[in-house]
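Presented below is the structure to which this report refers.
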Amino acid sequence: MINVHIGLNVKNMEESKDFYRKLFSIEPVKEKQGYVKFLMTNPHLNLTLTKVEEVKGNQINHLGVQVDSKEIVLQHKERLEKQGFFAREEMDTTCCYAVQDKFWITDPDGNEWEYFYTKEDIEEKDSSCCIN
């Protein structure tokens, strides 16, 4: 098995821990002073949060979870909206050399996450996307 690892700096550990608990419907596997770890198998992800005094700038363009269908995108959108998140929907959109159905939410430190389904790959890039 291969897990992708993302380590994020966060200002408010409790807000961020709650956000990622809800985003992935999972509890942390490890919690230490200033550190939280989530380990998921669907998707295969090792996500760690590290408490820092200040998060400056946005070194990450965006983060995402790719799923197998529009229906799964909509299931996650509904689940997260029921938990109080605002989800910005983009259905049948051309972005990053693909036609996709997706929605976006933002974590407490301003990182944007998308749940998306790629309907087809295309040769053109929409210049208004991929620069969130």
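Within the stretch 1-56, antiparallel bridges make up roughly 60 percent of the DSSP beta bridges whose residues both belong there.
Note down, for the stretch 1-53, the three equivalent ellipsoid semi-axes (square root of 5 times each alpha carbon gyration tensor eigenvalue), biggest first, whole angstrom. Please report the intermediate quantities before stating the final value.
Values: eigenvalues 67, 27, 16 Å².
Those come to 18, 12, 9 Å.
Can you work out the FRET efficiency for the pair E81 and T41, with r the C-beta to C-beta distance and R0 = 25 Å, to the nearest 0.05?
0.50
Compared with the alpha-carbon gap, the fully stretched path from E120 to S25 is longer by 31.4 nm at 0.36 nm per residue.
The spacing between the stretch 46-93 and the stretch 1-45, judged by their C-alpha centroids, is 13 Å.
Counted by Cβ distance under 12 Å from K70, the other residues give a net charge of -3, where Lys and Arg count +1 and Asp and Glu count -1. From helices alone, the chain scores -6000 deg cm²/dmol at 222 nm; the rule is -39500 (n - 2.57) for each run of n ≥ 4 DSSP H residues, then divide by the residue total. With contacts taken as Cα pairs under 8 Å and at least 6 residues apart, the chain reaches a relative contact order of 23 percent.
Could you sort out which of K51/K82; K11/K56; K51/K77; K77/K119; K22/K102; K30/K56 sit more than 20 Å apart by Cα distance in this structure? Correct reply: K51/K82; K51/K77; K30/K56. With a cut-off of 14 Å between beta carbons, the residues surrounding H5 carry a summed charge of +2, where Lys and Arg count +1 and Asp and Glu -1. Both radii come from the Cα set of the stretch 1-114: Rg as radius of gyration, Rh as Kirkwood radius; their ratio Rg/Rh reads 0.96. Using 0.36 nm per residue and subtracting the Cα-Cα separation, the extra length available between Q66 and E89 on full extension is 6.8 nm. The alpha carbon gyration tensor of the stretch 61-132 gives principal lengths a ≥ b ≥ c with a/c of 1.5 or higher and a/b no greater than b/c, which makes the shape oblate.
FYI, it's all coordinate maths here, none of it is from the lab. Owing to the predicted nature of the structure, the values given are computational and were not obtained by experimental measurement. Neighbour counts run over all protein chains shown; Cβ positions are idealised from the backbone, glycine included.
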